[in-house]
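As structure tokens, the structure follows; a few thoughts come after it.
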Amino acid sequence: MSIAVASPAKSTGITLRRSADRGRANFGWLDSHHTFSFGNYYDHNHMGFGPLRVINQDVVAGGGGFPAHPHADMEIISYVLEGALEHKDSIGTGSTIRPGDVQRMSAGTGIRHSEFNASPTDPVHFLQIWILPERKGLAPGYEQKSFSQADKRNTLRLIGSRDGRDGSVTIHQDVDLYATALEAGETVTHTLRRERVAWVQVARGAIELNGNHLEAGDGASIENVSDLAITGTASSEVLLFDMTR
């Protein structure tokens with residue numbers, strides 16, 4: 001799948017997805033912004049990119065959360081930015097996800113889980129990411145690892161991969177997921193192999209991506225570009241997906 005976005009890009013092969021153009025659902029206890037079609041938000045031009053299907057930026061009010069609900073045949077990654085998220089599922093797993101934690105849940109043949117704000121008063125802010133698995137019918141599974149800001153500072157830290165290398169969580173798809181924390185003026189670079197595509201998502205702050213300015217909530221699809229340069233223009237946190245087409 002590919003995405004066509006009205007926002008112009010300065011660099012050939014880089015297409016911007018502005019935060020303000022995303023879908024939104026606000027239920028009071030949940031304020032959610034959808035990079036791709038999700039729930040009641042549908043746009044045929046924004047159905048996903050490569051195997052990346054969902055990037056939701058969720059803020060859940062104190063005491064709020066998602067009751068137990070089912071999933072199947074999806075790799076679901078939770079990345080907490082602020083606060084704490086309590087997770088429980090039908091295979092007996094329970095944990096609290098905090099900033100720096102990366103949780104991967106393989107829904108596979110079927111799983112039920114719930115997610116609640118661990119605080120009765122303070123909001124929790126997190127990214128919920130869905131990736132299509134390389135095949136259907138996987139056994140449900142779960143994995144959680146922690147990566148400090150120091151681990152990500154001014155470097156692209158691998159936090160998810162197909163083979164779980166370098167201490168990353170295992171994603172059942174040909175995706176390398178990196179995270180970086182940048183201060184203004186700091187730059188990280190990445191080279192895409194031939195026939196690979198990428199998505200960059202700004203979790204917070206602001207950056208320059210090959211000459212394109214992106215702010216918190218903005219994303220960009222990258223095709224037919226080999227060399228990427230991400231420069232912080234403010235204190236920032238960014239995710240980079242290096243993927244099969």
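Rule-based calculations on the coordinates, nothing more; no lab input. Just so it is clear, the structure is predicted and the values come from calculations on it, not from any experiment. In this analysis, Cβ positions are derived from the backbone assuming ideal geometry, glycine residues included, and neighbour counts consider all displayed protein chains.
Of note:
- Projecting the Cα atoms of 36, 128, 103 onto the charge dipole of the range 1-148, computed from C-beta unit charges around the Cα centre, puts 36 farthest toward the positive end.
- Values (i) 26, 20, 19; (ii) 36, 20, 16; (iii) 29, 22, 18 are given for comparison; semi-axes √(5λ) of the Cα gyration tensor in Å, derived from the coordinates here, is the one labelled (i).
- Label point distance in nm, residue 208-residue 98, each placed 7 Å from Cα along Cα→Cβ: 3.7 nm
- Amide proton proximity set for residue 36, modelled H, under 5 Å, gap of 5+: 55
- Spin-label model distance (nm) - residue 162 vs residue 88, 7 Å beyond Cα toward Cβ: 3.7 nm
- Cα-centred dipole magnitude for the chain, charges only on beta-carbon of K, R (+1) and D, E (-1), debye, nearest 20: 400 debye
- Gyration tensor over the Cα atoms of the range 4-142: the corresponding equivalent ellipsoid has semi-axes (square roots of 5 times the eigenvalues, largest first) of 26, 20, 13 Å.
- Prolate/oblate/rounded label for the range 119-226 (Cα gyration tensor, a/c 1.5): oblate
- Using 0.36 nm per residue and subtracting the Cα-Cα separation, the extra length available between residue 19 and residue 44 on full extension is 7.2 nm.
- With neighbour counts taken as other beta-carbon atoms within 10 Å, the residues 207, 91, 77 rank, fewest first, as 91, 77, 207.
- Volume per residue for the range 107-181 equals 109 cubic angstrom (convex hull of Cα atoms).
- Note on the chain: helix-only mean residue ellipticity at 222 nm, from DSSP H runs of 4+ residues weighted -39500 (n - 2.57) and normalised by residue number, equals 0 deg cm²/dmol.
- On the basis of the beta-carbon distance and an R0 of 30 Å, residue 153 and residue 122 show a calculated FRET efficiency of 0.75.
- Net charge of Cβ neighbours under 9 Å - reference residue 130; Lys, Arg +1; Asp, Glu -1: 0
- Rounded to whole Å, sorted largest first: equivalent-ellipsoid semi-axes of the range 174-245, Cα gyration tensor: 20, 11, 10
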